[in-house]
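Reading through the structure tokens given below for one structure.
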Amino acid sequence: MNKFKKIILNNNIPLYLCIDPSMKNTFVSYNVNYGSSGLWFNFNNRGKDYKVTSGYAHYLEHLLGEHSMFGNMYENFDRRMQNANAYTSQNHTSYHFKGLKDIEKSIEELIMSIDSPVFESKDVEATRHAIEEEASSYCDNPGVLLVDMVDNNLYRGFDKFDSTYSPIGNRQTTQEITLENLRNCYDAFYSDDKKYLVIAGNVDEKRIVDLLNNIYSKIKPHKSTLVMPNIDFSGIKEKDATLYRDVDTPISSLGVKVRKPDYLSMKEFNYCMNIIKKYLFNSRAYNNLNKSGIVDSFEYGYLTNVGDYINFIQSFTTSKKEECCKRLYELLSKKEITAKEYDLAKKELIASEIRNMEKKYNYVENFPGRLYYTQDYSDSEFYRSIDYEEFMSSISSFDFSEYTIGEVKRLSRVKK
């Protein structure tokens, strides 16, 4: 199940094809390497400089699918008894569906909707209200905003998010989105070199490839004319930052960024950081902090990638923020992982990977995100191939000195 065959179509768009006779439904996703990160806030296209705020990638996701030349693409798929959706991540946008029949018709409609868009003012306005509500809901979650603030503060010369700390903005930034800039962002970032297809199911390779080449033969090529600025990812914007929101309990977060060593591939780097994350915040580490009265509970804990860096962010509730962060940072910096701990963490990763593989449709739906970070799809055999000595040698030079601490406090408290 973990073997995808990469096929380059006639227009150079890659198809990642997984033929699996055991899959009753066929899964299809059309993906664009353009997301909500601040990587795309400043750019030059066709010789002209542009600057936008957050929310454009997410707005395009709604606009292209809900107001296509076929009407609402998702409603059309629903009428064919197909499960369709889309999402915008930090690094890519994915439009996808799965179903039992009329697959070829939906593949053509999916590609035509994304590659031959309809940009009309009435559609932009019809989309605006729903996104305002979604953005407001996001900004009402102080724990999520805290993590995004910490993520943003890990970079001195780069805003991963604007001042809203939200990848989709807030009501005000949503109201400021314009039809002209939506067209500009589409023209800059929806070029063919940023697109790829993922198809999995009991399908015939030749029939699928012939179908796709025929569809693309009717679409005008979208060549890239984009020039991106050089971005400085080094340094820390703020060591200690505070948000004030209406919360009953303060929430704290520690964010650390690590640059990929030259001797590791991104896939190996991701693996090493996942092991460190699982070791540092396993039940034993939590129990020690909890028993000593330092931490009340752990909240969010995850890894994100920006360029050659991996950000490791952990949120928690505590009345002893500085002491908790100090203890967590000491654990991280010492890198004292025993062979037994490594073996347990590796087995957990392998078990998780096998479980994911058994959930076939989740597995292929998550493929685009994993592909972006690792350049190929990790599997349990790769995890098994790295022994303890190799792992310890790999992490020996990891530098955890760039970190930031954030906190959400009650709105009633006045910042001194």
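Each residue, Asn42 and Tyr388, gets one label point 7 Å from its Cα in the Cβ direction; the gap between the two is 4.8 nm. Model label points for Tyr286 and Glu125, set 7 angstrom from Cα along the Cα-to-Cβ axis, are 5.0 nm apart. The stretch between Val227 and Asn85, if pulled fully straight at 0.36 nm per residue, gains 48.1 nm over its current Cα-Cα span. Does anyone have the angle between helix 321-334 and the longest principal axis of the chain? Alpha-carbon axes, 0 to 90°, nearest 10? With rounding to tens, the tilt is 80 degrees. Seen against the Cα atoms of the chain and their longest principal axis, helix 339-358 is set at about 20 degrees.
Classified by the C-alpha gyration tensor, the stretch 1-129 has an oblate form. Its axis ratio a/c, with a ≥ b ≥ c, is 1.5 or above, and a/b does not exceed b/c.
With an a/c value of 1.5 or above and a/b larger than b/c for the gyration tensor axes a ≥ b ≥ c computed over the alpha-carbon atoms, the stretch 5-227 is described as prolate. Applying 0.36 nm per residue to the separation of Glu322 and Glu75 and subtracting their alpha-carbon distance, the gain on full extension is 83.8 nm. The gain in end-to-end length when the Ile354 to Phe298 segment is fully stretched comes to 17.6 nm, 0.36 nm per residue minus the alpha carbon separation.
Measure nothing fancy, just the Cα-based angle from helix 142-153's long axis to the longest principal axis of the chain, in degrees from 0 to 90, nearest 10. With rounding to tens, the tilt is 90 degrees. Over the chain, dividing the summed -39,500 (n - 2.57) contributions of all DSSP H runs of at least 4 residues by the number of residues returns a 222 nm mean residue ellipticity of -13000 deg cm²/dmol.
Exposure proxy for Leu100, Leu349: other Cβ atoms within 10 Å of each Cβ, ordered fewest to most, give Leu100, Leu349. Candidate cross-link partners of Lys340 among the lysines, defined by an alpha-carbon separation under 16 Å and a same-chain spacing of 8 or more, comprise Lys277, Lys278. Here's the list of lysines a cross-link from Lys218 could span, going by alpha-carbon distance under 23 Å and ignoring same-chain residues fewer than 8 apart: Lys6, Lys105, Lys194, Lys195, Lys206. By the rule of a C-alpha distance below 12 Å, with chain neighbours fewer than 8 residues away ignored, the aspartates and glutamates paired with Lys360 are Asp20. Entry for the stretch 261-416 at q = 0.15, 0.16, 0.20 Å⁻¹: log10 I(q)/I(0) = -0.91, -1.01, -1.40, Debye formula applied to identical alpha-carbon scatterers, no solvent contribution.
In the chain, the C-alpha radius of gyration followed by the widest Cα-Cα span (Dmax) gives 22.6, 68 angstrom.
Each value in this text was obtained by applying a stated rule to the coordinates, not by laboratory testing. Note that the coordinates shown come from a computational prediction; the quantities given were computed from them, not determined experimentally. Cβ: placed from backbone, ideal geometry, glycine included. Neighbour counts: every protein chain shown.
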